[in-house]
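Participant: Let me give you the structure first, and then I'll get to my questions.
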Amino acid sequence: MVRELLRRIHASSPLTATIAALAAGCLLTTSLDGLEGPPLPPAGAGGGGAGAGETEGGTNDGSTPDGSGSGGAAGGSDGGGADAPLDSGAADGGSKGPFTVAPTGALVLGIAEHGGEIFWVQGGTGAGIVRASKLGGGASYVHRTADAFDVVVDDNDVYWSTGNGNEVYKKPRDSDAAVSELVFSGAGQTLYLAAGSGPRLYVTGRDTVAVGVRADAGTSDVLYPFQIGAAGIAVNGEDLFWSVETSIVRGRDDGTMMHVIYRGAPGEVRGIATDEQDVYWKAKDGTIQAISYTDPGALLPRDVCHVDPDTNTDGGQRAAADVAVDGQWVYFAEPAKRTISKCLKR
């Protein structure tokens, strides 16, 4: 009942209606800069499970994850892709990259990495959660859904948020079944996700940072309210990091000791990722940037690698410019090229 009330309140908000209308009509070509809070994907028919017109385990509309329309790979298979880099050239003239990892469709939302694979939310035609080897090759579906916004993965399960659907769902990572399970609802919205230690999942909601558990908790608890424009979130140990309208913020996972580590321009930072030293994001001009949170003297970000910008479909202007990092690489979407790419972090 509470979840339904939140949805009705959310649906009646003039600002929400404006964002949803703009997102549905202009998502692929128009910057949403200037709107309050993070831009959102088009509202789906409902959270999790199979949405209208979607199926699981094979094809639903004849589309592959890259939108080529030649039929889709099912479930947790690797799609038969070769485990070799698709592009060994460095676009910025150096050995750092970017290098192509896997083909995508025109719209990519959240990104995550786990083990030897990269996962992302594929929007538009053939929407769903997709996986590919970090070494390159074909992409395949983990789950077909039109409602996903961001994704995180652990050893057993894949989890996804639903944006305006205000819920987090999960399913076994290697299952071909269409069945998904509701994990918890959020604080008006469930946007970007991050997996913490133990059972905890962190999520940004409507101007909030919240926490839930990976078991069926039903609801989440707000850790940090009044975070205007809260968007990307990342976790390292007991430290949380999240982006707001003009900054990147660091806080403890118990809801205490919040402080700003980077002050940028409005709307500059969407999705973020972190390791033991830095926070990473994709800037408006397409550049992958990072700033140290362990060096007190680090006031400005460094450029990790340069990516060709496209002001209509790339360079942080999209609904979700997200990144993921492992021990060596930072991964990100290049929607104008319809690829997931990677650069060396240092």
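The values are calculated or read from the model by the stated rules, or taken from the named source; none is laboratory data. The structure presented is a predicted model; accordingly, all values stated were derived computationally and were not measured. Cβ sites come from the backbone with ideal geometry, for glycine too, and all protein chains shown count toward neighbours.
Participant: Could you grab me the full set of residues in region 169-180 that are in a strand (DSSP E or B) and either surrounded by 21 or more Cβ atoms within 10 Å (Cβ to Cβ) or in contact (Cβ under 8 Å) with a residue 60 or more places away in the chain (or both)? Spell out the reasoning first.
Facilitator: The first filter runs over region 169-180 and keeps only residues in a strand (DSSP E or B), leaving 169-172.
Selection gives Tyr169, Lys170, Lys171.
Participant: Go through region 104-115 and give me each residue that's at pLDDT 95 or above and over 14 Å from Val152 (Cα atoms).
Facilitator: Listed by number, the list is empty, since nothing qualifies.
Participant: Identify, from the list Gly97, Gly123, the residue that is at pLDDT below 95, of a type in the set (Gly, Ala, Ser), surrounded by 23 or more Cβ atoms within 10 Å (Cβ to Cβ) and more than 18 Å from the chain's Cα centre (by Cα).
Facilitator: Working: Gly123 fails: more than 18 Å from the chain's Cα centre (by Cα).
Matching residue, one of Gly97, Gly123: Gly97.
Participant: Let me ask another. Checking the condition touching a residue at least 40 places away in the same chain (Cβ under 8 Å), under 29 Å from Ile228 (Cα atoms), in a strand (DSSP E or B) and not basic (Lys, Arg), which residue from Val183, Val130, Val152 passes? Please lay out each step first, then the result.
Facilitator: On the way: Val183 fails: touching a residue at least 40 places away in the same chain (Cβ under 8 Å); Val130 fails: under 29 Å from Ile228 (Cα atoms).
On inspection, the qualifying residue turns out to be Val152.
Participant: (1) closer than 13 Å to Leu193 by Cα; (2) not acidic (Asp, Glu); (3) not in a loop (DSSP other than H, G, I, E, B): which one isn't true of Arg250, the others all being true?
Facilitator: With (1) closer than 13 Å to Leu193 by Cα; (2) not acidic (Asp, Glu); (3) not in a loop (DSSP other than H, G, I, E, B) applied to Arg250, the lone miss is (1).
Participant: Name the strands (runs of 3 or more DSSP E) wholly inside region 256-298 in which the number of residues that are touching a residue at least 40 places away in the same chain (Cβ under 8 Å) and within 21 Å of Lys342 (Cβ to Cβ) is 2 or more.
Facilitator: Filter on region 256-298 gives 272-274, 278-282, 288-292.
Participant: Could you check region 142-158 and list, in sequence order, the residues that are farther than 26 Å from Cys343 by Cβ and in contact with a strand residue (DSSP E or B) (Cβ under 6 Å, 6 or more places away or on another chain)?
Facilitator: Restricting attention to region 142-158, the residues satisfying the condition of being farther than 26 Å from Cys343 by Cβ are 143-147, 155-157.
Passing the criteria: His143, Arg144, Thr145, Asp157.
Participant: Tell me, which residue of region 191-205 that is touching a residue at least 60 places away in the same chain (Cβ under 8 Å) and either closer than 13 Å to Val222 by Cα or assigned to a loop (DSSP other than H, G, I, E, B) (or both) is farthest from the chain's Cα centre (by Cα)?
Facilitator: Pass one, region 191-205, residues touching a residue at least 60 places away in the same chain (Cβ under 8 Å): 191-193, 204.
Still in the running and either closer than 13 Å to Val222 by Cα or assigned to a loop (DSSP other than H, G, I, E, B) (or both): 191-192, 204.
Numbers: Leu191: 8, Tyr192: 6, Thr204: 11 Å.
Among them, the one singled out is Thr204.
Residue by residue, here is whether (1) at pLDDT below 90; (2) over 17 Å from Val203 (Cα atoms); (3) surrounded by fewer than 19 Cβ atoms within 10 Å (Cβ to Cβ); (4) not polar (S, T, N, Q) holds:
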| position | (1), (2), (3), (4) |
| --- | --- |
| Glu245 | yes, no, no, yes |
| Gly267 | yes, yes, no, yes |
| Thr274 | no, no, no, no |
| Arg318 | yes, yes, no, yes |
| Ala336 | yes, yes, yes, yes |
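Participant: Out of Lys345, Lys284, which single residue is modelled with pLDDT under 90, surrounded by fewer than 22 Cβ atoms within 10 Å (Cβ to Cβ) and either of a type in the set (Lys, Arg) or under 20 Å from the mean Cα position of the chain (by Cα) (or both)?
Facilitator: On the way: Lys345 fails: modelled with pLDDT under 90.
Lys284 is the lone residue from the list that is modelled with pLDDT under 90, surrounded by fewer than 22 Cβ atoms within 10 Å (Cβ to Cβ) and either of a type in the set (Lys, Arg) or under 20 Å from the mean Cα position of the chain (by Cα) (or both).
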